[in-house]
Amino acid sequence: MERQDYGMPFMLRYENVAWYEKGRVRILDRRVYPRDIRFEICNSYKDVARAIKDMVTQSAGPYTAAGMGMALAAYEGRNLKGEELIKFLEEAAHTISTARPTTSSRLKKVTEGSIKAARRAIKNREDVVDAVFRESLNSLNRRYNAMNEVAKYLCDVIPDGGKVLTQCFAETIIGTMTRTLKEQGKNVKFYCTETRPYYQGARLTATCINEMGFDTYVITDNMVAYAMENIGIDVFTSATDTITLDGHVANKVGTHQIAIVAREFNVPFYVTGMPDREKKKREDIVIERRDPSLVLGNHTAKGVKAIYPSFDITPPKLITGFVTDKGIYEPNNLKKYFETDYKSYY
């Protein structure tokens, strides 16, 4: 398959997300991009897991890092044979896939694919490192290709001349959506929430969309109602870290409140991504709590405390439709996604 990152912004090209080469993995540090273009160098799979946990890479970046991290693990275990090597890779897979709890089920799909590739390589007496690396590339191609199909359906609901509100950094769909809109010749304006406390919307989403040639505006997280009332938003869209079968969505904290405001102003909310078969209901979602000092910054008095939940959960009643690679599903029909042929895209 042709590489599916063609025509993408800088930070969405495979080598600039995470890349294995010669016994190490380099990961673009999205905590400082675009102010600085800096790569974290990982010399072990544990370094990769730590980079995922520390949010060196975010959104769908950890899935790419996980695959490349497994290639690095195969390199680390290159002197092991047969089941010894597989056991080592399974330990690496567990460490990498549990680095961030809310997305662990998707990370596991990536690492499981790496182990399957290793088993095939051992059976066929092929180079295991190369096989796991190639599986990582195949996984990337599958995911980008699937999200390209998602983008086509999403762009169908975005009018020419429309105004689109985004939340956080939706990674692959941002690239495929803007690429598709360019191919369709649509003139669209984007409004990106800044997304506290890491400012992924301001730094990452806005940078990518602007690089693709669209008018791009950043608004603070508390300007959403103003924008919908006075600017006139046509579509609100976000990706998701988890979609349950009953239609609950875990996404960057703040998504729930934007969805409430969108309902107030009759702005349709389209969630992009495929449901997670393993997550049946809201209670199956684990909300990750991170270092509250990131919320406090340098603005508060000594003794003031904070909380930092990375995600919140938006209920299905606030969602217009789930945009998947098979089309758009209403929340109460989401389970039908699995009634037709389904291909893993991790």
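The values are calculated or read from the model by the stated rules, or taken from the named source; none is laboratory data. Everything numeric in this text was worked out from a predicted model, so none of it was measured. Using ideal geometry, Cβ is built from the backbone for each residue, glycine included, and neighbour counts are taken over all protein chains shown. Please note that ligands, DNA and RNA were not included when accessible areas were found on the heavy atoms of the full protein model with its side chains. Shrake-Rupley method; radii C 1.70, N 1.55, O 1.52, S 1.80 Å.
Computed in the context of the full set of protein chains, the accessible area of the chain at 1.4 Å probe radius has 47% of its extent on carbon or sulfur. Surface analysis of the chain yields an accessible area of 44 Å² per residue, using protein heavy atoms and a 1.4 Å probe. Taking the Cα centre of the chain as origin and assigning +1 to Lys and Arg Cβ atoms and -1 to Asp and Glu Cβ atoms, the resulting dipole is close to 600 debye.
The fraction of all Cα pairs in the range 10-144 landing in successive 5 Å bins from 0 to the largest distance is 2, 12, 24, 24, 20, 10, 4, 2, 1, 0, given as whole percents. Checking every one of the GluC sites (Glu not before Pro) in the range 1-31 against DSSP loop status and a limit of 14 other Cβ atoms within 10 Å picks out Glu2. Just to confirm the number: angle between the C-alpha axis of helix 82-97 and the first principal axis of the chain, 0 to 90 degrees, nearest 10? The angle comes out near 20 degrees. Looking at the range 1-100, the chymotrypsin sites (Phe, Trp or Tyr not before Pro) that sit in a DSSP loop and have at most 14 other Cβ atoms within 10 Å of their own Cβ are Tyr6. Along its three principal directions, the equivalent ellipsoid of the chain from the Cα gyration tensor extends over semi-axes of 33, 23, 20 Å, largest first. Computed over protein heavy atoms with a 1.4 angstrom probe, the accessible surface ordering of Glu211, Glu135, Glu339, largest first, is Glu339, Glu211, Glu135.
The packing ranking of peptides 89-102, 308-321, 190-203, highest mean first, is 190-203, 89-102, 308-321, where packing means the average number of other beta carbon atoms within 10 angstrom of each residue. Take each peptide in 219-228, 281-290, 253-262, 22-31, count the other Cβ atoms within 10 Å of every residue, and average; sorted highest first, the result is 253-262, 22-31, 219-228, 281-290.
Taking Arg134, Arg120 and ordering them by how much accessible surface each has at a 1.4 Å probe, largest first, produces Arg120, Arg134. Rounded to the nearest 500, the 222 nm mean residue ellipticity of the chain from helices alone is -11500 deg cm²/dmol, with -39,500 (n - 2.57) taken per DSSP H run of at least 4 residues.
Residues whose amide H lies under 5 Å from that of Val218, counting only those 5 or more places away or on a different chain, are Cys192; hydrogens are built 1.01 Å from N in the peptide plane. Put simply, the amide H of Asn251, placed in the peptide plane, has neighbours under 5 Å in Asp241, Asp312, Thr314, leaving out anything fewer than 5 places away on its chain. Each Lys and Arg contributes +1 and each Asp and Glu -1, all at the Cβ; summed about the Cα centre of the range 10-144, the dipole is approximately 340 debye.
Considering only Leu294, Leu137, Leu181, give the residue with the highest GNM mean-square fluctuation for the chain, with springs between Cα atoms whenever their separation is below 10 Å. Sorting by GNM fluctuation, first place goes to Leu294. Taking the charge dipole of the range 10-144 about its Cα centre, with +1 at Lys and Arg Cβ atoms and -1 at Asp and Glu Cβ atoms, the residue from Thr111, Ala18, Leu140 reaching farthest to the positive side is Leu140.
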